[in-house]
Structure formats: structure tokens, C-alpha cells
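Asker: Please read through the structure below; I'll follow up with questions.
The values are calculated or read from the model by the stated rules, or taken from the named source; none is laboratory data. The structure displayed is predicted, hence computed values, not measured ones. Reconstructed Cβ throughout: ideal geometry from the backbone, glycine too, with neighbour counts over all protein chains shown.
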Amino acid sequence: MRGPRRLTILLLAPAALVSLVFVYLFIAWTFYASLTSWNSIRPLNGILPDFPVVGFANYQTLFATARFWPNDVFNTAVFTVTFIVASVAIGLLLAILLDQRIHGEVLFRNIFLLPMALSFVVTGTIWAWIFNPNTGINQLLDPLGINAIREGLLAFGPLKPLWDLLDFLRIDILRPGLTTDSRSALGAVVVAATWQMSGFVMAMFLAGLRGVPEELREAARVDGASERQIYTAVLIPQLRPVLVSVIVILGYISLKIFDLVFVMTRGGPGTATDFPSIYLFVSAFQSQLWGLAAAIAIVMLVVSAVVVIPYMWSQLRSEAQP
Amino acid sequence: MSGAAAGTVPTAASRGRGRRRGLRWTRVVIYALLFLFTVFYLLPVYVVVADSFKTLREVNTTSIWQPPAGIDFSAWQSALTPPLIGSGGIGKGLLNSVVMTVPAVVISSVWGSINGYLLTKWRFRGADLLFAFLLFGMFIPYQAILIPLVQFLQKLNLYGTLPGLALTHIVYGIPITTLIFRNYYSAIPTELVEAANVDGAGVIGAYVRVILPLSIPGFVVVGIWQFTSIWNEFLFGVTLTNDPNVQPVTVALQNLAGSFAALYNVQMAGAIITAIPTVLAFVFLGRYFIRGLLAGSLKG
């Protein structure tokens, strides 16, 4: 089968070549650009940035700029953790609820999944209005008396350390300023992101639960386990591989989050919801600081790679040995 | 890898019936929680639909939660083609997105199908390595390739054009389309290809005669996945175009928010119009949509 082999490789060559150029060489190009002083509007001559190599000066600038360090790194960390925790908690709860022989299961499932069909730009447009302090959720809650409860809670002395912590993390969405208050704006973005992605987490967990052999449940029942124990002791531990997948996928999304934030808050107020992706966009396409932007890109890539490469590796490995 | 078939979520109907009296209250709580979450998921849908039918006067006098007084399409019209010339509108963006998305979906799906077929049915030494090499592109933040991509497209005079955007979506779609098709073809017996080969079909003949006719469900899954991701994409759209005449609809919607800052009815109408194609795909082909979602997570 010498002939077919040659043909096979010939037919796969375009994809390999395109990947080599558009992924690997482009990443190398970005890294090279991050080492140059290409921070001006002058167009490039030739293929590589024809600017002096300045070593890691752009990285030094980056980490000496408060907007990036600590601000953007802090926002990314808070967003990533809260978004993953919220999405996993809601997704797992919904999956378990839907696993209880529910009437209308398909309908519920589709409602929870619907946001997945939308663009983050659409989601951002809608939620920006819901979290607009003048026309949005405040107007809905006021007649219900919830605003008064909210003010009472915020003023309640013993809870002050909690509010201080949430204020510090910028996720205190009880603050009526919502997207205009730096203490709550990040929380508003987390809610919108969770609305969009938690249905996906539900679908993953539901597929995982349905993949557990019925004999396992039966065996636990025979042993006298309650329905709750069946979940905590038998089913949820079985979901661990799904959980790992979910965390990696959500982590990958949050480390590069751009469109949702860009549409909802543009990184504001101030830099309260600024992320590396937004800083990169502004640096490159508005300020023409291409070297600096390339440095941000490389930092983002390295952080994502730390999350994703071990995962990709383990997935390919586990596939190799069934 | 359980492959593309993993997306079929079986219902729990076959499961044994619950017992015990205390369970009745549990059922009430379960349904109450489900309805509560339904409200959370549908409230934004209500807002976007209701507000898109409001008139300018209502926008100024009502909050976004009040239902509209009647069905008024003027906001839809303004979102598509605003009365003020030069103030944007998403009509052109809608057209651009169609022109960009359709060829990108078709080409990246067919390409992925060929890759997946070759990687599973004509295995050679290093096939898994090549797959990993291709797959890596799926896991990078696109910011890491954005700046050279801009330069590259400028050199080819493709920057700020729809073919340039389509090319970008094709190239960065290869990993996911290859992945899904590779999973899909793993479930098809290799003997079929071997039998065709004995009949002298060859690599291409076996693909056309044996594999392609079996690939329809795979193409639906991949096609919907690619359609949804490309239609909804924003980062490439906003960085690889600078002329409103070639911007995709997501960028146009974002610009609409800038030019109609106070008019939430127009923005909501724009959001609906932008979302309609992918929502329709989800409503009518939701099963395949979910399969794509699960396949995108490698293991499914």
C-alpha cells in the first residue's frame, strides 16, 4: 500500500501546512514581535517586524503598568474562579434535577441550553440593559420591595466583612450601581457569562450521569443507600472526568474573554472590568503599541497553555490506551 | 472516545419508579427549582422580545420590564436601516455575515471530513502525532496569532475583506472539524473501506463511494457547530475589518449600541435579528447542536 500512503500524506499536507503557518509560525512571529520596540504606527517592511530587538522590555513595561499588573490579572483570576464555580454549581444542580424523571425534560433542557446558541455580543447587549442601573433590574425589584431588603442587608453590621470582601473582589452585585460601580461591575459580567454557559455545563453533566451504568445505581439501592447517597457516593464521583473537561473548557473561555466584556462595560468603570484581551485590543488597534500587545498575547498564551496542554495530553493519552 | 454518538442524551424514562411517601415533597421542590431557573434563563429573552416592539415614546417613559403597548416594528426597521444616513445599522452586516459564513462553513466542514477520514481509515505511522499537531490550534487564545494575521492579510490585500475573514474562519476551523469527523469516522468499520479498496476504489474512491454517503449526520453536526461559531464570532470581525461595509453582523450590532446609546428598543431589535439564524438552527436541529457541543470537549 505504498501508493495510497503517499496519497494520504499528500492529501493531509495542506492542513498540516496551514497549521504550521497560521498557528505555529504565527505564534513564533508574535513572540518575536514582543521582543521588539515596534510601538509605533509605521507600517512594517518585509516579513518580520523591522524594529530593534529590545529583549524583554515590553514584558517589563507590562508588569510595571498597574492596569495590567495587578489589575487585569486580578480581574481575570476573580472572573475565572467565580464564573467556573457558579457555572459548575448551577450546571450540576440542573443536571441532577433533570435526572429525576422530569415531565417536560426536553423542554427544560432546551430552555437552559438556548443561550448557548447566542453570540456573546448578543448576550452582552441584553445584559448591559438588565444591569443598567437606571432602566434595568433595579426598576424590576423596586416595586417588589427587594431594593429595601438589599439596602438593609448592605447596612447590616455583622455582614459588613462579607460585603467588604465582595466589594474588593468587584462582584458585590447587591450594589445598585451595577455596571457603573467598580464594586459590582465584574459581578454583572460573571452573571451574564454564567447565564450563557451554565446550560452547556448541564448538558455535559447530564450526558455524564446518563453514561453511568444503571447497575451501579441498582447496586447502591440494594445496599440501602438513599437517593441522596446514590448521588454523593456513587454518581458524582463518576462525573470527575466530565468535571475536569468542564473546568478546562470554562477556564479556557475565561482566560481569553473579550467580546462579552467589550460589549457590556468596555472594561469600565475605569479599569474595574478590564481584561488582558481588552488591554491588548486597545494597545494594538488604538494605541499602535504592537510590541506591548504582542507581549500581552504571549502572556495569555502561556497561561492558557498551562491549563490546556496537560488536558489535551491526557485526553490523547487515554485515547491511545482504551 | 465515545465519539459523535455521545451527544444523544437518553431520557430517564426507562428507569425504575421512585417510591416512598416523603418523595412527593421532594418532587415539589424539584419542579419549583426548575421553574425558578426557567425564569432566570427566559427573563432576558422576554426583555429582548418585548422591548424590540416598543415605540420611541415608550422607551423614554417605561422601564425595560414593562410589556409593550402594541406590536410596533419601527425599532426593527431602525436596527436594519437607521433613518439617519451614516449612523450604521445591521442590515449590511447581516448580508456580510451570510456571505462570509456560508463558504467558510462548507469549506471547513469538507476539509475536516477529508482529514478525519484519512486519519482514521488510512492510518500511517505518525498519524496520531499529526492529529495532535492539528488539534493544538483549537486550544490557543486567538490573540496569540492576531497580530501576524493582520500583517499577513494586509500583505495579501485581504485585510478588511470578506474573503479574508472567511479564510480566517476556515483555517482556524480545521482543528474542530477534523476532531469531530475523526471521532465520527472512528465508529464506522474500517472493513467497509477495505472492501471498497479490494474492488480497486483507492483512497479517493472509497471516500466518495463509501464514506461520504455515511457522513450526512456528521456534516450536520459539524455544519451547525461551524455555522454557530462563525456567525457569533466577534474578535476576528472587529480586528480584521475597519469598514462598516464589510463588517459582520456581530460587529454591526456592537456599533449599533454605540450609535443608539439611549434607544434600547433598537438595540434589542438588533440583538434579536442577529440571533435569529443561530436560534433557528438550535430550535430545528438542537439534537445535532448538542452533539457538536459535547464533541467540542474532546471526550464527549
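Asker: Please go through (1) free of Cβ contacts under 8 Å to residues at least 12 places away in the same chain; (2) assigned to a loop (DSSP other than H, G, I, E, B); (3) of a type in the set (Val, Ile, Thr) for A:THR273 and return the number of the only condition it doesn't satisfy.
Answerer: Every condition holds for A:THR273 apart from (1).
Asker: May I pose another question? Collect the residues in the stretch A:217-274 that are within 21 Å of A:LEU93 (Cα to Cα) and of a type in the set (Lys, Arg), keeping them in residue-number order.
Answerer: Of everything in the stretch A:217-274, those that are within 21 Å of A:LEU93 (Cα to Cα) and of a type in the set (Lys, Arg) turn out to be A:ARG217, A:ARG228, A:ARG240.
Asker: Next question, about the same structure. Of a type outside the set (S, T, N, Q) and crowded, with 21+ Cβ neighbours inside 10 Å: is that true of A:MET312 in this structure?
Answerer: Spelling it out, it is not the case that A:MET312 is of a type outside the set (S, T, N, Q) and crowded, with 21+ Cβ neighbours inside 10 Å.
Asker: With respect to B:ASP199, is the statement that it is more than 10 Å from chain A (Cβ to nearest Cβ) and either touching a Leu at 6+ places or on another chain (Cβ under 6 Å) or closer than 30 Å to A:TRP129 by Cα (or both) true?
Answerer: Answer is no for this residue.
Asker: Restricting to the stretch A:103-121, give me the number of residues that are at the interface with chain B (Cβ under 7 Å from one of its Cβ atoms) and either assigned to a loop (DSSP other than H, G, I, E, B) or on the phi > 0 side of the Ramachandran plot (or both).
Answerer: So the answer is 2.
Asker: Take the residues in the stretch B:108-130 that are at pLDDT 95 or above and of a type in the set (Phe, Trp, Tyr), then tell me which one is farthest from B:THR228 (Cα to Cα).
Answerer: B:TYR117
Asker: Regarding the stretch A:54-65, can at least one residue be identified that is touching a residue at least 60 places away in the same chain (Cβ under 8 Å) and over 31 Å from the mean Cα position of the chain (by Cα)?
Answerer: yes
Asker: Output the number of residues of the stretch B:202-219 satisfying the condition of being within 14 Å of chain A (Cβ to nearest Cβ) and crowded, with 21+ Cβ neighbours inside 10 Å.
Answerer: Count: 4.
Asker: Does any residue of the stretch A:38-58 turn out to be surrounded by 16 or more Cβ atoms within 10 Å (Cβ to Cβ), outside any loop (DSSP other than H, G, I, E, B) and β-branched (Val, Ile, Thr)?
Answerer: Within the stretch A:38-58 (the criterion being surrounded by 16 or more Cβ atoms within 10 Å (Cβ to Cβ), outside any loop (DSSP other than H, G, I, E, B) and β-branched (Val, Ile, Thr)), the answer is no, since none of the residues qualifies.
Asker: Another question, then. Among the listed residues A:ALA66, A:ALA77, A:ALA89, which satisfies the condition of being away from chain B (no Cβ under 14 Å) and closer than 26 Å to A:VAL244 by Cβ?
Answerer: A:ALA77
Asker: Scan the stretch B:275-288 and tell me whether some residue there is touching a Pro at 6+ places or on another chain (Cβ under 9 Å) and more than 8 Å from chain A (Cβ to nearest Cβ).
Answerer: Yes: one or more hits.
Asker: Follow-up. List the number of the failed condition for B:ILE145; all other conditions in (1) under 30 Å from A:GLY46 (Cβ atoms); (2) of a type in the set (A, V, I, L, M); (3) within 12 Å of another protein chain (Cβ to nearest Cβ); (4) out of contact with any Phe, Trp or Tyr (no Cβ under 6 Å at 6 or more places or on another chain) hold.
Answerer: Evaluating B:ILE145 over (1) under 30 Å from A:GLY46 (Cβ atoms); (2) of a type in the set (A, V, I, L, M); (3) within 12 Å of another protein chain (Cβ to nearest Cβ); (4) out of contact with any Phe, Trp or Tyr (no Cβ under 6 Å at 6 or more places or on another chain) leaves (4) as the failure.
Asker: When only residues in the stretch B:230-246 that are at pLDDT below 95 and surrounded by 17 or more Cβ atoms within 10 Å (Cβ to Cβ) count, which is farthest from the other protein chains (Cβ to nearest Cβ)?
Answerer: For the stretch B:230-246, the residue satisfying everything is B:VAL246.
Asker: Touching a helix residue (DSSP H, G or I) at 6+ places or on another chain (Cβ under 6 Å), among the hydrophobic types (A, V, I, L, M, F, W, C) and within 13 Å of chain A (Cβ to nearest Cβ): is that true of B:ILE107 in this structure?
Answerer: yes
Asker: Take the residues of the stretch B:32-49 that are in contact (Cβ under 8 Å) with a residue 12 or more places away in the chain and buried (at least 17 other Cβ atoms within 10 Å of the Cβ): which is farthest from the chain's Cα centre (by Cα)?
Answerer: Per the stated criteria, the residue is B:VAL47.
Asker: Out of curiosity, is B:ASN197 on the phi > 0 side of the Ramachandran plot and either free of Cβ contacts under 8 Å to residues at least 24 places away in the same chain or in contact with a Cys (Cβ under 9 Å, 6 or more places away or on another chain) (or both)?
Answerer: Spelling it out, it is not the case that B:ASN197 is on the phi > 0 side of the Ramachandran plot and either free of Cβ contacts under 8 Å to residues at least 24 places away in the same chain or in contact with a Cys (Cβ under 9 Å, 6 or more places away or on another chain) (or both).
Asker: For the stretch B:218-276, which positions are part of a loop (DSSP other than H, G, I, E, B) and closer than 30 Å to B:TYR117 by Cβ?
Answerer: If the condition is that a residue be part of a loop (DSSP other than H, G, I, E, B) and closer than 30 Å to B:TYR117 by Cβ, then B:GLU233 is the only one that fits.
Asker: Regarding A:VAL308, is this residue under 16 Å from the mean Cα position of the chain (by Cα) and more than 7 Å from every other protein chain (Cβ to nearest Cβ)?
Answerer: Here the answer is no, as A:VAL308 does not meet what is asked.
Asker: Also, I was wondering about something else. Got at least one residue in the stretch A:188-199 being under 18 Å from A:LEU97 (Cα atoms), buried (at least 22 other Cβ atoms within 10 Å of the Cβ) and aliphatic (A, V, I, L, M)?
Answerer: yes
Asker: Oh, and also: I'm trying to understand the selection: among the residues of the stretch B:117-142, which are more than 7 Å from every other protein chain (Cβ to nearest Cβ), assigned to a helix (DSSP H, G or I) and under 16 Å from A:LEU7 (Cβ atoms)?
Answerer: Result: B:TYR117, B:LEU119, B:THR120, B:LYS121, B:ALA127.
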